[in-house]
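J.: I am attaching a structure below and will ask some questions about it afterwards.
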Amino acid sequence: MLEVRDLHKRFGPIHAVRGVSFKVERGEVLGFLGPNGAGKSTTMRMITGFLPPSAGTALVNGHDIVGDTLAAKREIGYLPENSPVYGEMTVLQFLRFVAEVRGFKGVARDARVEHAITQCHLEQVRLQAIETLSKGYKQRTGLAQAILHDPAVLIMDEPTDGLDPNQKQVVRAMIREMALQKVIVLSTHILEEVDAICARVIVIAHGQIVANGTPAELKARSPSGRLEDVFHTLTLGDEPVRKVG
Amino acid sequence: MTCFSGPAWAVYKREVRAYITSPVAYVFMVVFLVLTAFLTFSVSNFYENNQADLRSFFMWHPWVYLILVPAAAMRLWAEERRTGTIELLLTLPITLNQAILGKFFAAWTFLAAALALTFPIVITTCYLGAPDGGAIVGGYLGSLLLSGAYLAVGMLTSAMTRNQVISFVLSVVIGFFLLIAGWPPVTGMLAHWAPLWLVDGVAAFSFMAHFDSLQRGVLDLRDLAYFASVIVFMLFTAHVVLENRRAA
């Protein structure tokens, strides 16, 4: 359902993503794990069609994001990092706008918007300007925007970043709820989150995949059996080398 | 105009709403109306001229737009980049052209609304005498096209930066160049060393000459084509800039 093929991204002399490939099937929640600057966001931005890849491509439900960008974008729901939203709009106006860009009109548009509002528990704030909302509500508005068209593929960049523990629980529960019918890819640097919701984990460091497996498989790599230790050895191990070189 | 369908229309509506719900819009309109009225009545002595025409009104538009249109245009892309919403917008199923056109026509609608609110001066002129209707229509059409040309410049500079102040300043500078390109001191400076065709070419770039003839009520296709091509060129360049900034 989502197939990423040998993605590369170069920003001038910096080779930020170096040959990332993976496949995710429907019903699977894939966790993208890695330190800041490892290339998680850049990879997601290429899969969602925001950044054109320097090489490689991604097939979203069979649609090539490079060759058939619009068709691929229709299949994707995307929550970018920090959930950027138009602050001066109300939740309702914002979701209607997204629905209209996605081609829904009239009654169908309103039905989609209402459904997303219910699913993301936004009823109380629907007429409030987004810039006046708490971070948790703002994040959920971003999520509502991403799931509004019931996409086959849902991509979320740090969906629980900056939320308090209760809000994190709410967002995770929502992700788990949707997991069965969708391909979900989410990035995080919170290790407990991986354990809580991800069926599979990809660890990325310096733009490359350094591990790909279930959380249990990953834990088995370390004598302590702790995800944190595996993460450290995989991503910190070679950092001094990079600094010297 | 297949470009201006669903998604572009949605962007258009969003942008128009963004204008009318922001205080900037009202500041803009009030300043525009007060400034044009002041320049027309107090500086150009509209009444003392004893002429029932709107020349003393339209002659100031290139200068008023020079400052105000960049202020109205600077947020169009710079704001999207600064807040990161550009990532949201451009991962929706919309082409860059649709987004550019939606934004451009929304801002132009706003400028047209500000221009339309100057209608009392037409009533005043008609009350005082019998003005040339063609000149008034031409003047308004020219003014609208002129604002569109400034706007397209502002759209380009807004696409170039995430900083609205930089966008504003660049836009004023480019607009100023387009404004004075045909002015005798500029062409005179060029005439010393440049061949005549170049001097004429630069002069033909000027907003002034094209705006002037429209203002007199002369609807010359070449003037309309001039403004249309400035707009298309600037929007096309904005497209290239946005595309490149994504690829970089």
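J.: Which of A:69, A:108, A:32 sits closest to the plus end of the dipole of the protein assembly as shown, meaning its Cα is farthest towards the positive end, when Lys and Arg get +1 and Asp and Glu get -1 on the C-beta?
T.: Value computed over the given set: A:32.
J.: Cα-based Rg (one decimal) and Dmax (whole number) for the range B:1-155, in Å?
T.: When restricted to the Cα atoms of the range B:1-155, Rg and Dmax are 17.8, 58 Å.
J.: Still on this structure, please answer the following. Contact order normalised by length for chain A, with contacts defined as Cα pairs under 8 Å and 6 or more residues apart; what percent is it? Can you show the working numbers first?
T.: Numbers: 463 pairs, mean separation 63.5, N = 245.
It rounds to 26 percent for chain A.
J.: If you don't mind, there's one more thing I want to ask. Stokes-Einstein diffusion coefficient for the range A:23-137 at 25 °C in a medium of 0.890 mPa s, Rh from the Kirkwood formula over Cα pairs: what value in µm²/s?
T.: Working: Rh = 16.3 Å.
Here the translational diffusion coefficient equals 151 µm²/s.
J.: Oh, and also: If you average over every viewing direction, what projected area does the convex hull of the Cα atoms of chain A give, in nm²? Could you put the intermediate results ahead of the total?
T.: Values: hull surface 55.0 nm².
Over all viewing directions, chain A projects a mean Cα-hull area of 13.7 nm².
J.: Still on this structure, I have one more. Which residue fluctuates most in the GNM of chain A (Cα springs below 10 Å): A:128, A:145, A:208?
T.: For chain A, modelled as a Gaussian network with Cα springs under 10 Å, the answer is A:128.
J.: Using a 7 Å offset from the Cα along the Cα-to-Cβ direction at both residue B:49 and residue B:193, what is the distance between the two label points in nm, to one decimal?
T.: Label at residue B:49, label at residue B:193, 3.9 nm between them.
J.: So how far, in whole Å, is the C-alpha centre of the range B:176-248 from the one of the range A:222-237?
T.: When both Cα centres are located, 63 Å separates them.
J.: Could you sort B:196-207, B:84-95 so that the peptide with the highest average Cβ count within 10 Å comes first and the rest follow in order? Intermediate results must be reported in sequence, preceding the final value.
T.: Values: B:196-207: 15.4, B:84-95: 20.9.
Taking the mean over residues of other Cβ atoms within 10 Å, the ranking is B:84-95, B:196-207.
J.: Could you work out how far apart the two model spin labels at residue B:224 and residue A:70 are, taking each label as a point 7 Å from the Cα in the direction of the beta carbon, and quote it in nm?
T.: The two pseudo-label positions are separated by 2.9 nm.
J.: Please report the equivalent ellipsoid semi-axes of the range B:52-98, computed as sqrt(5 x eigenvalue) of the Cα gyration tensor, largest first, in whole Å. Intermediate values should be presented prior to the final figure.
T.: Values: eigenvalues 265, 33, 6 Å².
Ellipsoid semi-axes (Å, largest first): 36, 13, 5.
J.: Under the definition of partner shielding as Cβ atoms of other protein chains within 10 Å of a residue Cβ, what is the mean value for peptide A:131-139?
T.: Working: counts 1, 0, 0, 0, 0, 0, 0, 0, 0.
Partner Cβ neighbours, averaged per residue: 0.
J.: What does the helix-only formula give at 222 nm for the protein assembly as shown: each DSSP H stretch with n ≥ 4 adding -39500 (n - 2.57), the total divided by the residues, and the result rounded to the nearest 500 deg cm²/dmol?
T.: On the way: 24 runs with 288 residues, N = 493.
Dividing the helical sum by the residues of the protein assembly as shown leaves -18000 deg cm²/dmol.
J.: Using per-residue counts of other Cβ atoms within 10 Å, averaged over each peptide, order B:27-37, A:75-85 from highest down. Before the final figure, lay out the partial values.
T.: Numbers: B:27-37: 16.3, A:75-85: 23.0.
Highest mean packing first, the order is A:75-85, B:27-37.
J.: Take a quick pass over the range A:32-173 and tell me how many lysine pairs come in under 20 angstrom between Cα atoms, counting only ones 8 or more apart or on separate chains.
T.: Working: A:40/A:73; A:73/A:105; A:135/A:168; A:138/A:168.
The result is 4.
J.: May I pose another question? Can you tell me which of B:216-224, A:50-58 comes out highest on packing, and rank the rest after it, using the mean Cβ neighbours within 10 Å?
T.: Working: B:216-224: 13.7, A:50-58: 19.7.
With the highest mean Cβ count within 10 Å placed first, the list reads A:50-58, B:216-224.
J.: With the crude spin-label approximation of a point 7 Å out along Cα→Cβ, what separation in nm comes out for residue B:243 versus residue A:166?
T.: Label at residue B:243, label at residue A:166, 5.0 nm between them.
J.: Work out the mean other chain Cβ neighbour count within 10 Å for the residues of B:154-160 and drop it here as an integer.
T.: Values: counts 0, 0, 0, 0, 0, 0, 0.
The mean count of partner-chain Cβ atoms within 10 Å per residue comes to 0.
J.: Let me ask you something else. Quick one, what does Rg over Rh come out to for the protein assembly as shown if you take C-alpha atoms and the Kirkwood Rh? Don't skip to the end; give the middle numbers.
T.: Working: Rg = 27.4 Å, Rh = 25.4 Å.
Rg/Rh: 1.08.
J.: If we restrict to alpha carbons, what Rg and Dmax does the range A:1-56 come to, in Å?
T.: Rg and Dmax of the range A:1-56, Cα atoms, are 11.4, 38 Å.
Quick note: the coordinates plus some simple rules give every number you see, no bench work behind them. All figures in this text were calculated on a predicted structure; none of them were measured in a lab. Quick reminder, even Gly has a Cβ in these numbers, built from the backbone with ideal geometry, and neighbours come from all protein chains shown.
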